[in-house]
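The block underneath contains the structure these notes are about, expressed in structure tokens.
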Amino acid sequence: MVADFDISSLKVQVRGRPVISASAELVHGHFHDLADLADSIREGFGSKGDWCEVGPDLHTVTWGDAEIRLRPAEGLAAWRADYFQAGWLGRFDKVPEERRVDVARYVDRAADLTEGLLQASDLRAAAASGGLPAADRLVRRHVQLIDERYAALDHLVSDLLTDEGRLPAWALDVVHCQADDLNMAREWLGSAVVEFHHGTAGQRPVTIFGGVQFEFTNFLLNLVPTQGMGSCSHQDCAADAEATEREVLAPVGGR
């Protein structure tokens, strides 16, 4: 784990407590300009800033994929600043304020378990540098990550269930979006292993947003509707999934 940066010399105060450290990721996100970071914290948590409480933590509230978060420094009356890898105005905008702690706990856990979608080209590169054992280690790494992501989502589901054993509508939407992401990672893993060892077996279908499409040279065929009962309906979730697929899919037929 990369050590935090000591920013106590910036003398930033939020709710009467000094902000004494910042994660390396947060500092890097501000291009190591500590003065700019200090301004972001002061503005984000100032009287004109838009922020909220999530348990003992403070979050800026944004439309983006990351928010600045202040967490109590262990054993001190001070704050540690880092990124929260989601936005309460984004895909989690329907989460009630009193349930944000449960979702934030899941987001923190899942953020450390995502390494992108595995492709056969990744396995070929690993094998070229370290032989088949290296490719096997990469597969096992992704298997472990997906298993742990499933466990994290399973824990979130248990946290969000009502006393009657149901998920509220907002929770069903959150869980479905996360399950779509997990299913896509698992499907890409399987396809990568099959292609690496045995060939493509025809062009793999595109799995976006709970739907399945076969992409032919001049036509896209939807095998499963992308909307319906219990399907994820959040536009940000759909956009994220589509962007992820586009990053790893080569254009077909000049599109």
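Using a probe of 1.4 angstrom, how much of the accessible area of segment 1-96 is carbon and sulfur, in percent?
About 54 percent, which is the carbon plus sulfur part of the accessible surface.
Calculate I(q)/I(0) for segment 62-135 by the Debye formula, one identical point scatterer on each C-alpha and no solvent, and give its log10 at q = 0.20 Å⁻¹ to two decimals.
-0.88
In what sequence, largest accessible area first, do Tyr83, Tyr106 appear using a 1.4 Å probe?
Sorted by accessible area, descending: Tyr83, Tyr106.
Ranked from the most accessible area to the least, with a 1.4 Å probe and all protein chains present, what is the order of Glu148, Glu164, Glu25?
The ordering from most to least exposed comes out as Glu164, Glu25, Glu148.
Quote to one decimal, in nm, the extra length available between Glu53 and Leu89 on full extension: 0.36 nm per residue of separation minus the C-alpha distance between them.
Value of the extension gain: 11.5 nm.
Non-local amide H neighbours of Phe92 (under 5 Å, H modeled in plane, Pro and chain starts lacking H): which ones?
Result for Phe92 returns Gly87.
Please compute the modelled spin-label separation between Asp159 and Gln144, points set 7 Å along Cα→Cβ, answer in nm with one decimal.
A separation of 2.4 nm, rounded to one decimal place.
Where does the charge balance sit around Ser21 when Lys and Arg score +1, Asp and Glu -1, over other residues with C-beta under 11 Å from its C-beta?
Residues close to Ser21 contribute a combined charge of -2.
What is the ratio of the Cα radius of gyration of segment 1-92 to 2.2 N^0.38 Å, where N is its residue count, to two decimals?
Compactness ratio reported: 1.00.
Of Asp112, Asp180, which has the most accessible area and how do the rest follow, probe 1.4 Å?
Asp112, Asp180
If Rh is defined by the Kirkwood formula over all Cα pairs and Rg also comes from Cα, what ratio Rg/Rh do you get for segment 109-149?
Rg/Rh: 1.03.
Could you list the trypsin sites (Lys or Arg not before Pro) in segment 44-124 that lie in coil according to DSSP, counting only those with at most 11 other Cβ atoms within 10 Å of their Cβ?
Those that pass, being in a loop and sparsely packed, are Lys48.
Would you please give the FRET efficiency between Glu187 and Asp33, computed as 1/(1 + (r/R0)^6) with r the Cβ-Cβ distance and R0 = 51 Å, to the nearest 0.05?
It comes out at approximately 0.80.
Could you tell me the ratio Rg/Rh of segment 16-168? Both radii from Cα atoms, Rh via Kirkwood.
With Rg and the Kirkwood Rh in hand, the quotient comes to 1.06.
The values are calculated or read from the model by the stated rules, or taken from the named source; none is laboratory data. Note that the structure is a prediction, hence the values are computed from the model and not measured. In this analysis, Cβ positions are derived from the backbone assuming ideal geometry, glycine residues included, and neighbour counts consider all displayed protein chains. Surface accessibility is based on the protein's heavy atoms, side chains included, excluding ligands, DNA and RNA. Shrake-Rupley method; radii C 1.70, N 1.55, O 1.52, S 1.80 Å.
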